[in-house]
Structures are given as C-alpha cells and as structure tokens.
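No value in this document is a laboratory result; all are computed from the given coordinates. Predicted model only: the values in this text are computed from it and were never measured. Positions of Cβ are generated from backbone atoms using ideal geometry, with glycine treated the same way; all protein chains shown enter the neighbour counts.
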C-alpha cells in the first residue's frame, strides 16, 4: 500500500515558506494527489525560525487518507531547509533519518542574534552540519540557494522548491511544480527562473548516501564561514590596495626593499602576512613607519625562535604581526577620512546598494566627532586642554558624495604627515612599546610560547571607537598593570599567569551588561521625584 | 490589514454541493454562515485572526444575509456580545485566542453560562499551545468545566470541523448552554476541503429585527435566580446535552482487532495518534487501526454510558489527553469505578507526559510504553521498540555529530520596525541610570525582553502593564517605566491602567507604542488606526483621549530619532512633575507602511518618475567588529560577514540587502557615539536633468582631488 509522503520545510519568517507550501499543494493537486499542509504562523513569522508541514498521498485520484498535522521524527521523507543552521536544527530533532529522509538545504547563513552580538566571533561552526548531513540523511543536497535566488532576482523559496524537485525525491513532476508556480500569478517569471536554477543545481549535485559516502558540501561562498583563504588571493580587495597601486607614499621601490627585508629576516611562513602588514602601514603613514613595524616584529620573532616556535608554524609571531599591524594602523579621524574618500569606497557603496547604470548614489556619513577625536590628532599639550572640556560630541551627517563634504574629509585625511606629532600617536607608540617589552621580557624569562601568546592576544582589546575604545583599552592597560607587569602575579608562575591573563582578556571581550535594579544611580546627578 | 482576503471571501459564497478548499479557520467561518448566525464577534489573535479578517472583508455578503459582524474591543466584549442569545432565538458566535482570551472573557462567560441561552451560542477558541506558542501554557478545558460550557474538540479535518460547528449550535439550543469549539493552532491553519451547503439567512437579524423584548428574572444572576441557575445547569441542561451528544453520535467509535486494549483520545489528537500507530504498523494510511479507538469530539461533558461500553472487557485503555490537569483521565477513572467496572487499567499521564504538547514523538514514545506495559496479544513488541529506538538513536547521533546544539532563533522585531529604536534609546538611558524596572505588555514590543535588549521585567497580560507597575512604583527606588502598545491600550490599558493611574496621581512613566495596528496578531485595525475605513468607525486619537482623562505630562516622539527618544525618556525620568508621564512613541508598523508604499513606488518607477531608494551601509574597512551597534539593535539586516581585511580574523559587521533604510543604525551610531562606519545610501532612480547636472559637477571636482569616479 502506498505510504503518505511527508515534507517538512524549515524557513525563517519572511522567506516565503508559506508560499512554498502553497506551491506544493497546488502541484500535488495538479497530479491528482490528496494533499494537506499546516503551519504555525503567529509571532514565529516575525523573523524567527518556523516550519511548514506538507503531506501528500502519491496515488492519482486516491481518497484522502488520514494525514498528520504535525511532523513526526523518523517519518519525514523530504526535509527542506532554507538556511544551514535550520538544517542542523532538523537533525537535532530527528527529522532527518537515514532510512527515508532526503535533505535539501541551502548552505548560506543567516546569523542568529546570539551569534552576532558578541564582540568576538560567535558564529556556529557549520562545518559540523555539513559533515553530518550526508551521514544522517539518506540523501543530502546542499548548496548556496541564496546566491542563486539573488541571481534569478527572486526569493529563496523558489530556488528551494526547484532544488526539492531537482533532488529527485519529490513525487511530483517538474511540469506540475512549474504549473503550480505559474498558477500563483504574481512574480511567477522570477520564481520560475529561481526554480529552474535550483532544479539544475540539485540535479547535478552528487548525492551523499546515508551512513558513509560523503556528499559535496556544495559551493560555500566566501562570505560564509570558512577557513581563512590565503592572504594574497584576498589582497585585491584589501582596503589599502587602490591607493597603494597609485604609488602614493611608499612607492614601489620602497615596497620592494621592504619585501626583500622580510625575505631576508623572516622565515617563509611569515612572508605573506608581513608583506600585507608592511603595505598597510606604508599606506597608513610612510615607509619609515612600515620599517619600524618590522623592527618591532623582529623582537617578537626572537622570542618565538627561542621558544621553539617553528614547530607551531610561528603562531606567536603570526598573531603578534597581525595585531601589531592593526594597532599601528589605528583608526583616527585622519584614517577614517582617508578610507571614506577613496574611489574604491564609492565603487563598493554603489555595488552594495545595487545601483544600476545611470542611477545616482548619494552617500551621507554619520559621524559624531567629539573634542576627544580632535585632541587625538593634535600635539599633546593642546590635546590635554581640549580633552578637559570634551563633551559627548556633535552628531554630523556629512554628505561625502557632495563637493563640500568630500573636500572636508579630504582635508582631514591630508593631515597624515602631522600624525606623527599627534597626542594619540605618541600614546599608542608608548603603549605598544610597553606591550612588546612585556612580551620580550616574560618571553625570554619563561620561554613559554603559550604565555607569550596570551600576552600578544591581549592586543585584541585595543580597537573600536569612542567610549567602546576607551573602555576596552582601559581593560588592556589593566591586564598589563595587574598581571603582566605585576611582580606578585608573575611570581605565581607561568601557568597561573597564563590562565589569569586569558580569563581577564575573555572577560573583557564579553559585552558590558547593565546590572539591573541598582537602587540609585550612583554618582549621577539625576533627581528622582518620588510620589508623596 | 496585512493582506486582502478577496479570494477567501469568494469561498464563503459557495453553495450546496460545491467544494470549499482552504484553511481550517476559514472552513469554520463558512460553517457559521451555513448555520444561520445572526451575529459574529471576536478579538483577533493567532490562530483565529483570519476568521475576523475574512469577515471584515466580507461586508457585502454579510449585508445580504443580514449578519452583524463586529471586531470587539476585547475578548470580554466578544463574550458579552453572546448575551444577545440569552433571551432571543439568535444564533451567534464569538472567537478569540485561548487560553489568554478566555481569561479575559471569563467574567462574561460565567454570566452567560449561568443564565443559559435560547439561541445557539458558539465560542470558537484557537488554542495557542505548544510549538510556536507566544502565550502562557494552560488548558481552556478547565474554563469549560467550571462554567458548564460544553467543549467540542473535533478531529482536525475540514468535514469534521464543519460538522461540529453545525452540530455545536444544535447542541447549544438543545441544552440551553453555550458551546466552545476548540481548535489547535495547526488545525486552524490546516489546508483541506469539504462539501459546502448554502448559507442560511438568520430568521431574526438586522433585516428582520426582534420586535418584543423578553424579560425573565430567571436570566438575571441575582438571588434566588443565581442558585436555581446553577441547579438548572446540573439537573436539566447537562442531561439534555448528554442525550443530544449520544443521539447525534458526536463521539466516534473505531473498531480494531486488538480488543484487549483501546485508546480514548481527544478528537484533536486523532491524526497524530494515527500517525504513531502507522509508524508501528498498527494502522493503515486510511486510519484503519488495529487498536479500537473511542474519539471524543466532545471532551466535556463526557458520556458515562459510552465510556463504560468502550472499556468493558478490556485489559487496559490509553487516554490521550493533551494538557494538564488530566481532567478527562480522572473523569474516566471515576466513571468506571462508579459503574463498578474495575478490570481495565486506565493509563494516561503515566506513559505520556503530564505537561506540554503531544507531538508525534511524544505519542510515539507514549504508545510504545503503553504497549510494553499491557502486552496485547498479536503485537510484535520488538518491532515497536525498534521503531521507537531508531528515533532516539537519530537524536543521539545528531547531537554527537553536531557536538554543540544549534543556536536558537526566537522571533524578533521586523526589519525597520518602529519599536526597535525605542528600546535602543531605553538601553542607552538604562546605562546612564544603572538599571530600571520595566513593566512590559503583550505585543510585538514584548520581543524587547529577548536578546539583544533584554528589557522588560514582567509581563502580566494584554493592556495590563501599567496596572502591573502600580505596586512597583512606590516600592522601587526609581521611577518605573511601563511599555504598552496601542493595541493593549484599547484592549484594556485605558481603563485598568491609565484611568486608575491618573486618578491616583501615580508617579510613573508610560510609553505607548503607537504603530497604528494590533501588529502582532496580523495588523488589524484599532480605534486609533490611521487609515480606518469609514465602515469601521471614526478614528479616536490616543493623545486627546489621554488629555481628556487628565494626563498633563505628555510628549510625542518620532521613534526613529533615537536621540530624541532618549532625551524625552531622560526628561520623563527626572522631571519634578508629579503624576503619570506619558510618552507616545510614534512610528507606523513597517509591515503596513511598506505594503502601502511599495506598489506606489513601483508605479512611479515604471512611469519613469524620480524615486529615491534608501538603505544604510557600513564601511567594512572602518568597522573594527566590536558589535556595539548590534547589541543596540538586533535588526535582522544588521549582521556579520568575514572581514575582507586579511589582517582581521574576526568577522566585521555589515548591512545586508534586506535593509529598508529606516535609519536606526545611523541614529543609534549618533546617539551612542558608536563608530564612524555607518552611512546612508540614497540611490536616485530615474534622476532628473538637474540631478545629472549636479552629479557631473560634483564628480568633476571630486576627481580632481583623487576621489570617486
């Protein structure tokens, strides 16, 4: 006797999962199959994860059987997920079983709030889902449907529908599916394009068989979480490139000299990274500044060599080189103004906004410079005076694509040569030396690469803008004061120190929460008017 | 309104012998018209919103039939509306989301059921229980039981549901008692078909009004009538109901060859139970079960004679009853003992969970446990165990392979939601004040309690947030902030909350989210909706209502201006003015706004007119990835991506193409002095000659200085 065919669709609110369920019903009716669908609309439609459940009885003209309204684990024939973590959720709930389930899922990610609100990388490791898919499913068809939807100018539901049909698992003919889309009217052409591309991709994707053979995890795009691609391949999109290629400060000659120096003084695994850093710093300030960077890194490299870092691929130097380059190219208003007025920036904005030929793009930057930001680029003596009366800043909406806005920004970026005498430059260099000094001092004393690495990684804290930057930087200084440069802490031994530093760093990388229900706002001159 | 229901309205006109295909709740709507109702009312809420929405769009048809339809002020209003059936032969129906709506309605329900009805009164309740539920998890069954309202729980297929609506009215009239029809969320949204009948124009209606009033002291809940009413319920109405249910065979018996055992189940549990039986090979696709079934399409009252008949001679019966307390299971035990039938073991909440939704997996496990406990002849228990265990193994295996559970994805504010910026501002003010107590309400804005805001300390019910703050105010060291939506304000916040707070000169801060609709239920209209159709009445301004009540401190603020919202909050928290301080947070629901504006813009664009499209962007070389902006927003289009900078290993923040350009990002960056990465991008489509001239001029100058192309 024919078995009822069950389809569970996992989608996010606003992705057209309901429409997809409608198409399935229409297509089933086109084939003459009894079919039923249910969903749990309500607030889950508001951006949350939701599911649509469809059953059909693949026998032409059959009288309607008893169809379930709720999916049962172990009894799903086709599991479709419009996003990769939703496929993982289906696995977790046993809606994918090797005996009967075909999994059709998009590999793109839409991050949950909990994944994206952390100041570090809180993303779920989707590699696990990609690896599990062919093992838990009878068949797994995974590819980036979001990209195909964009290319077809449609919503992901159409591509997903096409992939379901193209997987060969759906007991519905392609004609029936397309007729269902056509019958729905509005936007049918775009949906049919999406359906076709999803169908083609699924039909050509090698299928993984349950319990062994692995399927291709599809074409993960670069935007998705993936192991870092080689630096040089990405260099073309690096922010410094356009200016640099124009031969602004630094010049090709000096670049080659620096590059030679990198090759002379450092082992091969570091070359790519150091080239990148040198280019960035020459662009940020000048060749001499880039040279001073290499001088600094040599010190860390010496520690790394002593501690036998070669075996670990010079991780200590790698991390220090990366973080130092970022730190030395800290974002002051000169830098921000520079980045915001590059030709490459306007091109990027146009692309991001999907502006078509002949359309005009107006860019308005939201800035809130306070006296602190100006003090940063002034000499120390002036800066101190200015900082004393620094307020919260003035909100400015600057039309950078207008002549006046552009020139104002350009003028700011032209102050680059003065940066070396600015208060923040002097402060940052001093703190960098403190940090490097500690890495070297403790590094040579303990010869413990892990300990040195913990100190190196603390430089992650030096980033951001305004209040966030001030707080985070203070946390960094606090770690230096209370642990790294504190005799008592150091006396407790490398292992204890390591743990203490890591804990302090990680604590500073979680975001600040307001403690609820402090009875009064201490130190705040707010007058509370109580009743009575 | 979120969408138009024109196609659905056409289905309501189907006549005898035609086939209706559509949603469960719309089948109920059609069945009401087939039953000759004189009036229908209700309060919107998932999963019954569509009943209201469709009738609101079906004015013409209702006028033809003479049916009065009303979107009531709240569920109490809807239940009170049924009072029309107490003295007169008017059939009427009311609908709402349960259990919350039933809570609100319970005052009227008690009075209604005590007085009894002459005309059939049907209450259609949509159970928001289990997966996706956005409310507290309780049973409506208890309400039916305590008020002696008969409770129908039909098998979840359209013919059964429609039949139960029609039979429900007859039952109500036969026993002079209001009847509840309980539909679970998936049954409301199940898509199926049934054969329709002609609509019936009610005998008495707007078109043929009742001419003579009926007065009967028996219908008034004052002594002595209130005592006799209670006795009448038990002595007369209950036996009449039982007689009707038996005579009309509202409950169903399905035979099976495993006669040693049986299953007694709520009608609503039928399909899930059959699926579990199918998985064990104990039922075929058409529901032919090897285990005898007794399906309760009426779960209150129970029919003792039917229960004793079904259970007699059995070794054990399984009671499949979702929710707690286990009213049915306990009643069955009691009925059997009273009838001195002691053989069958009554098994229910011992193998099935006491609390929570009865999903496919729950029933699979429960049924397996029941079979293993009762060892019926002719069942391959090994095969049963194998099926059950394979599901458990699949779960274990997935957990092992994934190592870490996938992140949860609760619902949240839509992209561009006007309510989000209010909480951004509240978060900023909270940081300055070092923690505030916030009394939250029901509505989209309840999402503020979730990440990333985590704002809101209590939720006490729809429109009750201000009342819920009344004892917190004097007992908390700072002013307490109350958040209420405009939906909640009209539902009961105005009287229970505002009027009382003004009267008692309470010193609190009330934020009213004026987005124009009850958005969480599907953007239905409320008295203050901006584009209220004439037929629904003339709009009432919340602001003038408040002023009329005597609110002195009242400020209106446009929500997207985060700095302004923060300022008004600071003022409200620090002013010396006594009494209630009300902030009207003004911002129309973005779903409604885009729905209205999109077609207009598309038309302009097609006509070659100048149209500006706005969105926001983040410079990924300026962003350092501290995510302070996300923690102040949570907008789905504000997300993260791999950094294009090879030196940054952690992701940067980005704005994806879903952005509708509401401006919160930029305003938050300003208000919180976040970072200089944010920018507004305006794409001028079909630019004018002037646009092009100015653009050329700008580009010329910018090129000279080495900028954009």
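Viscosity 0.692 mPa s, temperature 37 °C: give me the Stokes-Einstein translational D for the range A:333-421 in µm²/s, with Rh taken as the Kirkwood radius over C-alpha pairs. The estimated diffusion coefficient comes to 227 µm²/s. Could you give log10 I(q)/I(0) at q = 0.07, 0.13 Å⁻¹ for chain A, computed by the Debye formula over C-alpha point scatterers of equal weight, without solvent? One equal scatterer on each Cα of chain A leads to -0.59, -1.23. Going by neighbour counts of Cβ atoms within 10 Å, the residues A:469, A:23 line up, fewest first, as A:469, A:23.
Here r is the Cβ-Cβ distance between residue B:142 and residue A:392 and R0 is 60 Å; the resulting FRET efficiency, rounded to 0.05, is 0.60.
Here the spin labels are modelled as points 7 Å beyond Cα on the Cα-Cβ line, and at residue A:257 and residue A:189 they lie 6.1 nm apart. Peptide A:178-186 has a mean of 0 when you count, residue by residue, the C-beta atoms of other protein chains within 10 Å of its C-beta.
Descending by average beta-carbon neighbour count within 10 Å, the peptides A:303-314, B:583-594 line up as B:583-594, A:303-314, the highest first. The residues B:621, A:450, when put in order of fewest to most other Cβ atoms within 10 Å, stand as A:450, B:621. The fraction of Cα-Cα pairs per 10 angstrom bin, counted from 0 for chain B, comes to 3, 13, 19, 21, 19, 14, 7, 2, 1, 0, 0 percent, rounded to whole percents. Mean residue ellipticity at 222 nm, helices only, chain A: -15500 deg cm²/dmol; runs of at least 4 DSSP H residues each add -39,500 (n - 2.57), and the sum is divided by the number of residues.
When each of B:623, B:444 is scored by the number of other beta-carbon atoms lying within 10 Å, the sequence from fewest to most is B:623, B:444. Only helices enter the 222 nm calculation for chain B: every DSSP H run of n ≥ 4 contributes -39,500 (n - 2.57), and dividing by all residues gives -11000 deg cm²/dmol, rounded to 500. Running Debye on the range B:202-320 with equal point scatterers at the Cα sites and no solvent, what base-10 log of I(q)/I(0) appears at q = 0.09, 0.19, 0.21 Å⁻¹? Cα-only, vacuum Debye calculation for the range B:202-320: -0.44, -1.01, -1.14. Hydrodynamic analysis of the protein assembly as shown uses the Kirkwood radius over alpha carbon pairs. Inserted into Stokes-Einstein at 10 °C and 1.306 mPa s, it gives a translational diffusion coefficient of 47 µm²/s.
So how tilted is helix A:466-479 from the main axis of chain A? Cα-based, degrees 0 to 90, rounded to 10. In chain A, helix A:466-479 runs at an angle near 70 degrees to the longest axis.
Only Cα pairs under 8 Å and 6+ residues apart enter the sum, and on that basis the relative contact order of the range A:438-509 stands at 33 percent. For the protein assembly as shown, DSSP calls about 40 percent of its internal beta bridges antiparallel. Rounded to the nearest 0.05, the FRET efficiency derived from the C-beta distance between residue A:471 and residue A:433 at R0 = 30 Å is 0.85.
With q set to 0.14 Å⁻¹, the log10 of I(q)/I(0) for the range B:610-704, from the Debye formula over equal scatterers at the Cα positions, is -0.63.
Distance between the pseudo-spin-label points of residue A:298 and residue A:127 (7 Å out from Cα toward the beta carbon): 3.7 nm. Against chain B, whose longest principal axis is taken from its Cα atoms, helix B:100-115 shows a tilt of about 40°. Estimated translational diffusion coefficient (Stokes-Einstein, Kirkwood radius over Cα pairs, 4 °C, 1.567 mPa s) of the range A:1-135: 82 µm² per second.
Take each residue of peptide A:155-167, count the partner chain Cβ atoms within 10 Å of its Cβ, and average: the result is 0. Over the range A:438-509, what portion of Cα pair distances is larger than 19 Å, expressed as a whole percent? Tail fraction, whole percent: 28. Report note on the peptides B:17-24, A:490-497: ranked by the mean count of other C-beta atoms within 10 Å, highest first, their order is B:17-24, A:490-497.
Computed from the C-beta positions of residue B:614 and residue B:63 and an R0 of 35 Å, the FRET efficiency is 0.20 to the nearest 0.05.
With semi-axes defined as the square roots of five times the eigenvalues of the C-alpha gyration tensor, the equivalent ellipsoid of the range B:252-402 measures 27, 17, 14 Å, largest first.
In a fully extended conformation the segment linking residue B:703 and residue B:503 would gain 65.4 nm over its present Cα-Cα distance, using 0.36 nm per residue.
For chain A, the relative contact order comes to 9 percent (Cα pairs under 8 Å, sequence separation of at least 6). When DSSP beta bridges are restricted to pairs lying wholly in the range A:5-204, around 50% turn out antiparallel. Once C-alpha pairs closer than 8 Å and six or more residues apart are averaged by separation and normalised to the residue number of chain B, the relative contact order reads 10 percent. Taking 7 Å steps out from each Cα toward its Cβ at residue A:407 and residue A:347 produces label points 2.6 nm apart.
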